[in-house]
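Visitor: Structure in structure tokens, see below.
The values are calculated or read from the model by the stated rules, or taken from the named source; none is laboratory data. All values derive from a computational prediction rather than experimental measurement. Note: ideal-geometry Cβ built from the backbone for every residue, glycine included; neighbour counts use all protein chains shown.
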Amino acid sequence: MTAMKPSNQTNQNPPPRRTRRSRTTRRIAMCAVLCALSVVMLGLGALIEVIDITAAAVASLALLPILLCYGARYAWLSYAVTGVLGVLLMPQSLGAWMFAGLTGFYPIVKQRLDRLPRVLSWLVKLLLLTAVLLLYLAVFYFVMLGGEGSLLDAFLGGFGESDGKPIIAWVTIGLSVFTYVLFDLLIDRLLILYYIKWQKRVERWMKP
């Protein structure tokens, strides 16, 4: 019998690995950079009020690489940091409140909801939007109206012009639902582009 020759692999040192702490530090640093970019987007929306809602959507999409490369935990942390900074620095901006109340966390929630059957997924998404709109009405009623008046006054004042014509309020709600659906579809299209064209570049930059 011939003796087995020792493998050369045993004489080679294994390649150095990044420690868990250094990897976590790098991830936090990258999250901080993207959070800062999102806050800048919200600030731009506060300066140009015409694009405040658009800025809230773009600020949310800027955090997508965190969700795709680092997972939901880092994405929730980044959303919380960006939302708090946006509301504290720009409390008068609709975009900052829109980000904190819906668009900021929606891509994270959408990732889970899209695993459900299509009809059930959209049903839950619409229920989520309904809950957000009801929360907005509650805040408007107790903060802006001081808890005085009827719920109809809160409805008309929150979504309309408080002139007794609910048509404006219903049109506003309809536009909100339409925009919400477009935002969902936009995320889908961006994810397709990400996996086809951008994944390698983004992962090389993020280094998960």
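Visitor: Wholly within segment 149-208, which helices (runs of 4 or more DSSP H) include no fewer than the required count, namely at least 3 residues that are modelled with pLDDT of 85 or more and out of contact with any His (no Cβ under 7 Å at 6 or more places or on another chain)?
Guide: Qualifying helices (runs of 4 or more DSSP H): 167-193, 199-206.
Results for (1) of a type in the set (A, V, I, L, M, F, W, C); (2) within 14 Å of the chain's Cα centre (by Cα), shown as yes or no for each residue.
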position	(1), (2)
R27	no, no
V33	yes, no
S38	no, yes
G83	no, yes
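Visitor: Find all pairs meeting these conditions: Cβ atoms under 6 angstrom apart; at least six residues apart or on different chains; first residue within segment 132-144 and closer than 14 Å to F99 by Cα; second residue in a helix (DSSP H, G or I).
Guide: Note: pairs meeting the criteria are V132/G101; V132/L102.
Visitor: One residue is enough: does segment 77-88 have a residue meeting the conditions farther than 30 Å from M206 by Cβ and either out of contact with any Gly (no Cβ under 6 Å at 6 or more places or on another chain) or at pLDDT 85 or above (or both)?
Guide: No, there is no match, as no residue in segment 77-88 is farther than 30 Å from M206 by Cβ and either out of contact with any Gly (no Cβ under 6 Å at 6 or more places or on another chain) or at pLDDT 85 or above (or both).
Visitor: Can you run down the residue pairs with Cβ atoms below 6 Å, 6 or more apart or on separate chains, where the first is in segment 48-75 and touching a residue at least 60 places away in the same chain (Cβ under 8 Å) and the partner is part of a helix (DSSP H, G or I) and β-branched (V, I, T)?
Guide: A57/T103; P65/V202
Visitor: Would you check if there is a residue in segment 175-196 being closer than 30 Å to T24 by Cα, over 17 Å from the mean Cα position of the chain (by Cα) and surrounded by 12 or more Cβ atoms within 10 Å (Cβ to Cβ)?
Guide: No: segment 175-196 contains no residue that is closer than 30 Å to T24 by Cα, over 17 Å from the mean Cα position of the chain (by Cα) and surrounded by 12 or more Cβ atoms within 10 Å (Cβ to Cβ).
Visitor: Condition check: surrounded by 16 or more Cβ atoms within 10 Å (Cβ to Cβ) and without any contact (Cβ under 8 Å) to a residue 12 or more places away in the chain. Does W122 satisfy that?
Guide: Here the answer is no, as W122 does not meet what is asked.
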